[in-house]
1. Pairs only if they're at least six apart or on different chains, beta carbon under 7 angstrom, first in segment 63-83 and of a type in the set (D, E, K, R), second in a strand (DSSP E or B); list them, first residue then second.
2. Is there any pair linking a residue in segment 131-144 that is within 8 Å of V176 (Cβ to Cβ) to one that is of a type outside the set (K, R) and at pLDDT below 95, with Cβ under 7 Å and at least six apart or on different chains, and which?
3. Can you find even one residue in segment 94-106 that is at pLDDT 95 or above and closer than 30 Å to K134 by Cβ?
4. Take L83 and decide whether it is in a helix (DSSP H, G or I) and either within 30 Å of V99 (Cα to Cα) or at pLDDT 90 or above (or both).
5. Scan (1) more than 30 Å from P172 (Cβ to Cβ); (2) modelled with pLDDT of 85 or more for the single condition D76 breaks and write down its number.
6. Does segment 180-201 include one or more residues that are within 30 Å of T111 (Cβ to Cβ), at pLDDT 55 or above and touching a Lys or Arg at 6+ places or on another chain (Cβ under 9 Å)?
7. What are the pairs with Cβ atoms under 6 angstrom where one residue, in segment 113-126, is under 15 Å from K141 (Cα atoms) and the other, located anywhere, is among the charged types (D, E, K, R) and modelled with pLDDT of 95 or more? Sequence gap at least six, or different chains.
Amino acid sequence: MIKLKDFFSFKQNRFFWLNIIGMVVVILAAIGGTLFWLDAYTHHGQSYLVPNVKHKSLEQAQLLLQNQNMQGVVVDSTYVKELSPGIILEQKPEGGMRVKEGRTIYLTINTREVPRVRIPDIIDNSSVRQAAAKLKAMKFKLTEPELIPGEQDWVYGIKYRGKSLKSGDKVPFEAVLTLCIGNTHLRDSLATDTLGLNLGQESEAQVDDSWF
């Protein structure tokens, strides 16, 4: 039976202990190699300052990011009337943060074209109050309404630059629209005028008949 003292004796178990030492060396070398690879792969300890590219043109932003070993990618666009088309509105990560080399910076730009918006279904389907509230919520501008004979304050049509529109037609964002709304006074006046015209025609016919 092997005594504990003999088991730990290097002389008597030289081959066993050489294997153990070899295994430890291999494990340590593997760990060291892995850490070295990770350090090189992730550029451990190296970071770059993200430049602030807000309100820069896309071309200027791309150049600034490339100088910092980063790349910019446009992921969204929106429309801000007061700002120049094509400039950067938002960036992620924000300017001033530190990131790894090669990091992608996601950009939102101000669209180069005025977006077009569909006319909602309000023609012959809404009162002037309902229609105006819906259109203003969509950022449309309204002129003084055009009054036409019909039910009081009922929306019979919409015009843009003098052209009649249909529900679903597209017009520029914040376009100036004119509502064509009904007015009972005009309707009644038209009916009276029409009736008067008919009576006048009948009177003329009677006068003509009296000559015979």
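The values are calculated or read from the model by the stated rules, or taken from the named source; none is laboratory data. As the structure is a computational prediction, the values presented were derived from the model and not from experiment. Backbone-built Cβ (ideal geometry, glycine too); neighbour counts: all protein chains shown.
1. Pairs found: D76/T108.
2. That search, which allows pairs on different chains as well, returns F140/E174; K141/E174.
3. No, segment 94-106 contains no residue that is at pLDDT 95 or above and closer than 30 Å to K134 by Cβ.
4. Working: in a helix (DSSP H, G or I): no; either within 30 Å of V99 (Cα to Cα) or at pLDDT 90 or above (or both): yes.
So L83 fails the test.
5. (1)
6. Just the residues of segment 180-201 that are within 30 Å of T111 (Cβ to Cβ), to begin with: none.
No, because not a single residue in segment 180-201 is within 30 Å of T111 (Cβ to Cβ), at pLDDT 55 or above and touching a Lys or Arg at 6+ places or on another chain (Cβ under 9 Å).
7. R116/K170; R118/K170; I119/D169; P120/K134
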